[in-house]
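Taking it in order: structure first as structure tokens, then the write-up.
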Amino acid sequence: MNNKSNAGSIFYLEKRKRWVWVGTYNNEQGEKKKKWISALTQKNLREKIEDFTEELKSKTIEPGMNLEVWVEKWLNVVAQPMVSENTFIWYTHILKYIHFTCDIQTDKDHIVQYDFGNEKLNLITPIKVQELLRNLRYFGNKNHKKLAARTVNSFRRVLGMVLKSAMENDLIKSNPVLKVRPFKVPKDSIVVLDCKGIHNFLEIIKQGKYFDHYSNKKFDRERKYYKQEFYALVSLGFASGMRISEICSLKWNDINFDEHYLQVKWVLKTENSYRKITLDSETINKLKEFKEFQNSFQENHQEYFYKENDLVFTSGTGKKLEPNNFREYYWYRMIKKASLPENFRIHCMRHTHATLLLENGVNIKVISKRLGHSTVEFTLKTYAHVIESMEESAASKWEEIMKE
């Protein structure tokens, strides 16, 4: 006896003396699976089929919402109220990689462009996430730019937060990112410049030669502004040891030009992040010159440039200068023009500041306070290699002292 229906096929299996139902269903990942159910009587079989159907309904989530829609909701409803402005901006920046596109050949003649942001939430599997991360790392994003392992891992971490929230809101049953391992990232050695290297780098920035690739005349106005601004910004980075997020949040009111210091109070990484940093006269003068230039620029371009919130460093239209934009569009071109190694990151200005102070006898506690580290022990651990190299010269230094 063979009773076929849209829900599958029911038949009697003579050899086993049982009624059997065979059907197909879609699992939580949208994959088609086959299911066998058996019972001694047709009545018991239909009861089992009904139980299985109800179980499927309880596990089935409507695949209506795609990743892009949920990311937007997560950013604005979940993330923004809970994190700092800079963290929110970073989340927004890193999650743009869900729009990775690549050509997928569906048959011999048809090629379509695939956008991961269009994936339905409950159809995202670990292997799909793994493929996305691999493509970002080795084949590049939609602009064909390969991403560093560190960047891909950051994207994986934030995507995991997004999908964890989707799971907590009953949009998916499990988080596929948890089954995907991050890329191995070799630990970078700390790269620092000596005094000559700093002067050479600042001269490159002052000349603005890293803007040579911009041929659009419409950019001339912003190029003139950025040329002045970035010279002051990088000078301050080396002279203060501030984090780039702290520099981009600095306001003119935070700087005391008469007493040569500034207050860091807008980006709080640790309880010691709120701090006072004294500055040398040359750096103070560079900031004064830039302030005069900025005021003049604003006066001459009122219809175009409106400075927000008394910020020291801004975009070409007066809005807040975002660290990620500065890094991606300008920093990498600066270090390339100056023939510096690729791993001379923005944070290396901070390392350079600390290293030169250590090498010139400034107390480690003072350096730790300037950097806003949570403890002196953390500073000692971070710059242990510098202290070890100083130890090598301790004997000769002692010899010099005793000759006096």
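The values are calculated or read from the model by the stated rules, or taken from the named source; none is laboratory data. What you see is a predicted model; the values in this text were computed from it and never measured. Using ideal geometry, Cβ is built from the backbone for each residue, glycine included, and neighbour counts are taken over all protein chains shown.
Descriptive notes on the structure:
- ASN86, sole failed condition from (1) modelled with pLDDT of 80 or more; (2) in a helix (DSSP H, G or I); (3) closer than 30 Å to SER245 by Cα: (1)
- Segment 123-149 - residue that is surrounded by fewer than 14 Cβ atoms within 10 Å (Cβ to Cβ) and part of a helix (DSSP H, G or I) and, of those, modelled with the highest pLDDT: ILE127
- Selection from segment 35-46 of residues that are surrounded by 13 or more Cβ atoms within 10 Å (Cβ to Cβ) and not small (Gly, Ala, Ser): LYS35, ILE37, GLN42, ASN44, LEU45, ARG46
- Qualifying residue in segment 358-377 (condition: out of contact with any Ser or Thr (no Cβ under 7 Å at 6 or more places or on another chain), assigned to a helix (DSSP H, G or I) and farther than 24 Å from LEU279 by Cα): yes
- Conditions (1) surrounded by fewer than 19 Cβ atoms within 10 Å (Cβ to Cβ); (2) closer than 27 Å to LEU287 by Cα; (3) touching a helix residue (DSSP H, G or I) at 6+ places or on another chain (Cβ under 8 Å): number failed by GLU203: (3)
- In segment 215-247, the residues that are farther than 15 Å from TRP331 by Cα and either modelled with pLDDT under 85 or among the hydroxyl-bearing types (Ser, Thr, Tyr) (or both): SER215, ASN216, LYS217, LYS218, PHE219, ASP220, ARG221, GLU222, TYR225, SER240
- Residue in segment 134-151 that is closer than 30 Å to ALA384 by Cα and β-branched (Val, Ile, Thr) present: yes
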